[in-house]
Amino acid sequence: MIPRHLEFGIAVMAIAALVMGFFAGRERRLARQAEPGVTDSRPVAPPAAAATEQVTLYVAYDDPGVLLPQSTVIPLAGGRQQRAEELLHALMDVYMAKSSQHPLGPGADVHNVYLVDPGLAVIDLNTAFAAGHRSGILVEELTVVSLVETLTANTPGITRVKILVNGKEQDTLAGHADLSRIYEAASAGDLLNQMRAQ
């Protein structure tokens, strides 16, 4: 047998639940019937476009085994880090094109470029970049030197470049090009010349 005070408490809670349900339903109906709020009809300005600038990309050509400068005009942000990333994305666009003379694997891209100190830049490649890269001394060195030359030639103050894959240090790009070292801008081109001479 249930005590009388417990029956009374249950009855009060049931009535309170019914009343709350009634008011909640009423508020929902009123909200649906309410007219939409005032909308802002002022025109929205388009986002400010980054200023375009002529840059020089150092593009690899596998058959003769050379890097050739290629001038192009691309939008560049004002910040050094964004500028560095946009430069390398423009280079990736060249390599991912169907007519590329130095094709990269599907999905190859540059995650980020970090400016660690005034002279050092760290390029973080995605996993697909290294996993899909063709193995070979010259093709790997062409890729590395292309990245280094493009970045250092167009971003003032960068003199050294370190390359990571998915945020981690890796010994080689695809078995040959040494990614454990820091590349000096002044000697990156010399490295490529030595590779071609062998």
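The values are calculated or read from the model by the stated rules, or taken from the named source; none is laboratory data. Predicted model only: the values in this text are computed from it and were never measured. Because the Cβ atoms are built from the backbone with ideal geometry, glycine has one as well, and the counts that use them run over all protein chains shown. These accessible areas exclude ligands, DNA and RNA; they are computed on the full protein's heavy atoms, side chains included. Shrake-Rupley method; radii C 1.70, N 1.55, O 1.52, S 1.80 Å.
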In the range 94-101, is there at least one residue being of a type outside the set (A, V, I, L, M), assigned to a helix (DSSP H, G or I) and at pLDDT 95 or above? yes
Within the set of pairs 6+ apart or on separate chains, which have a first residue in the range 56-81 that is without any contact (Cβ under 8 Å) to a residue 40 or more places away in the chain, a second that is open to solvent by 30 Å² or more (accessible area, probe 1.4 Å) and among the basic types (Lys, Arg), and C-beta atoms under 6 Å apart? LEU76/ARG83; ALA77/ARG83
Considering each of LEU57, LEU91 in turn, give the residue that is surrounded by 11 or more Cβ atoms within 10 Å (Cβ to Cβ), modelled with pLDDT of 95 or more and in a helix (DSSP H, G or I). LEU91
Of all residues in the range 170-185, count the ones that are within 14 Å of ALA130 (Cα to Cα), outside any loop (DSSP other than H, G, I, E, B) and not polar (S, T, N, Q). 1
Within the range 138-148, is even one residue touching a residue at least 12 places away in the same chain (Cβ under 8 Å), in contact with a Leu (Cβ under 8 Å, 6 or more places away or on another chain) and open to solvent by 20 Å² or more (accessible area, probe 1.4 Å)? no
Counted residues in the range 60-73 being closer than 25 Å to GLU141 by Cβ and not in a loop (DSSP other than H, G, I, E, B) come to 9
